[in-house]
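The values are calculated or read from the model by the stated rules, or taken from the named source; none is laboratory data. None of the values given here were measured: they were computed from a predicted structure. With ideal geometry, Cβ positions are generated from the backbone for all residues, glycine too; neighbour counts draw on all protein chains shown.
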Amino acid sequence: MNKILSLFLAILLAVFSTNTAAAARIDDLGKVLFVGDSYCMGANLNNDGGEHVDEGWAVLAATQLEMTNYALACSGGTGFFNKNEGGQDYLSLIQDYVNNNVDMDSVRRVIIFAGYNDQWHSYDEVMIRGEETLRYIVENFPNAQISIGMVGWHETNEQYQQQLANISSQAYRDLASYMGMEYMEGAETVLVDGENLFSNDGLHPNRAGQERMAAFVANYLNEKLQEQYATEETPEPILKDIDKKFPIYLVAIVAVIIAIVVFIRLRLKH
């Protein structure tokens, strides 16, 4: 009988502990729209010149967080000002999303995490086009918070490194400040403070580089989720989980009570 009682107690403990430690749900952030360039597309990830979107930082970050409610607006060669061979930039990518979807109100966060291609232009050009792009996002995604992070680096070319620091990084940070949006602190050093993060072209991140960017974005979004919970007046997430699973908890409690009663009765007979 002692074994039966122990079993019921173990079941009760398991039921209460399941999913409560990680009660926060990343999809409580609402839909996230990731905006990016070839890094987002996983370009040259395997040194083959191809795109591997499922292994790019956006999809990897979503996978790490078990996020299901997200979308991508990414294409190689894009920037706030820079256009790729198809004439696309961040603005046109986002316009394409707006034209092909009807759920703009459900998008609660827009993450612009890129910047390599804007180094080829002047600070003022990036600022002017960047402001236009961000105002478009504000107008079309009324419920979204917008976060900007400049991520881009070249493993060996010092001229590119200087341009990225002086143009892309500075402009992206200033755009966030000017528009009253949040800059993702530390984004510009994600690929700088590490070794063996690039493919053989010295420009596109390899698997380790993509995973490093994904971890940065995942940590950032998790921090936003915790901040959201801290400011909510609703019950803590752990309580929400308990409410949803209340019938399970009730069955477990009743089962333990029955086991205890049976145990006591058997003990009294002896």
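Residues of the stretch 152-167 that are part of a helix (DSSP H, G or I) and of a type in the set (Gly, Ala, Ser): Ala165 alone. I'd like to know if the stretch 177-187 contains one or more residues that are of a type in the set (A, V, I, L, M, F, W, C), in a helix (DSSP H, G or I), surrounded by 15 or more Cβ atoms within 10 Å (Cβ to Cβ) and modelled with pLDDT of 95 or more. Yes, there is a match, as at least one residue in the stretch 177-187 is of a type in the set (A, V, I, L, M, F, W, C), in a helix (DSSP H, G or I), surrounded by 15 or more Cβ atoms within 10 Å (Cβ to Cβ) and modelled with pLDDT of 95 or more. Scanning the stretch 99-135 for residues that are small (Gly, Ala, Ser) and surrounded by fewer than 22 Cβ atoms within 10 Å (Cβ to Cβ) yields Ser106, Ser122. Within the stretch 64-114, the set of residues being among the acidic types (Asp, Glu) and within 28 Å of Glu227 (Cα to Cα) comprises Glu66, Asp103, Asp105. Residues of the stretch 136-175 being of a type in the set (A, V, I, L, M) and either in contact with a Leu (Cβ under 9 Å, 6 or more places away or on another chain) or surrounded by 21 or more Cβ atoms within 10 Å (Cβ to Cβ) (or both), which ones? If the condition is that a residue be of a type in the set (A, V, I, L, M) and either in contact with a Leu (Cβ under 9 Å, 6 or more places away or on another chain) or surrounded by 21 or more Cβ atoms within 10 Å (Cβ to Cβ) (or both), then Ile137, Ala144, Ile146, Ile148, Met150, Val151, Leu164, Ile167, Ala171, Leu175 are the ones that fit.
Taking the conditions exactly as written (within 24 Å of Ala218 (Cβ to Cβ) and of a type in the set (Val, Ile, Thr)), does Val126 satisfy them or not? Here the answer is no, as Val126 does not meet what is asked.
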